[in-house]
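Scroll down for the structure; my scribbles are underneath it.
Read-outs throughout are calculated quantities, based only on the coordinates presented, and are distinct from any laboratory measurement. None of these values were measured; they are calculated from a predicted model. Cβ coordinates were reconstructed from backbone atoms using ideal geometry, including for glycine residues, and neighbour counts include every protein chain displayed.
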Amino acid sequence: MVRDSGQSVCHWTVEIKYGDQIKIGDFTSIAPYACIGAKSPITIGNYVRISRGAILETAGLDLKKEPPYKHKSKPIIIEDGVWIASNAIILGGVTIGKNAIIGAGVVVTKDVMSGDVVVGQSNRILDIKIKRDTN
């Protein structure tokens, strides 16, 4: 259960993990099939729109350590007036500033300044070598 959800609406198909770690302001809407995973705290401001299939996930695996990979988690802050479009993914440790727009399908891994519009995809190879068992 989300404790502080203000005067907001959340579609019944939204998946919520660790709801007690989530705080939602007033007049925010969360569309069908979104997923909010809050192993660390998530703060969502007022007048935020989270579109269909968007994902906010604070936890991930620490690939810099040896297998079996342990989970790591960092908070997410979504400030007032933000729109997160369909199928966008917001990862732990990110703050999205007031009135920013996150385009459809964008993966956000670093802070977004107030009023910024983030669109497009840029794939990059990480400087991490994964050890795999070849048996």
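Miscellaneous remarks
- Candidates in segment 35-61 are the residues that are of a type in the set (Gly, Ala, Ser) and crowded, with 24+ Cβ neighbours inside 10 Å; of these, the one that is farthest from TRP83 (Cα to Cα) is ALA38.
- The number of residues in segment 4-28 being surrounded by fewer than 15 Cβ atoms within 10 Å (Cβ to Cβ), farther than 15 Å from ILE76 by Cβ and under 15 Å from the mean Cα position of the chain (by Cα) comes to 1.
- Any strands (runs of 3 or more DSSP E) falling wholly within segment 15-79 and containing at least 3 residues that are of a type outside the set (Asp, Glu): 22-24, 35-37, 42-44, 59-61, 71-73, 76-78
- Filtering segment 104-117 to residues that are surrounded by 17 or more Cβ atoms within 10 Å (Cβ to Cβ) and not in a strand (DSSP E or B) leaves only VAL106.
- Condition broken by ILE90, with the remaining ones in (1) surrounded by fewer than 19 Cβ atoms within 10 Å (Cβ to Cβ); (2) not in a loop (DSSP other than H, G, I, E, B) satisfied: (1)
- Pair list, Cβ under 9 Å, 6 or more apart: segment 8-30 residue under 13 Å from SER51 (Cβ atoms), other residue surrounded by fewer than 13 Cβ atoms within 10 Å (Cβ to Cβ) and polar (S, T, N, Q): THR28/GLN7
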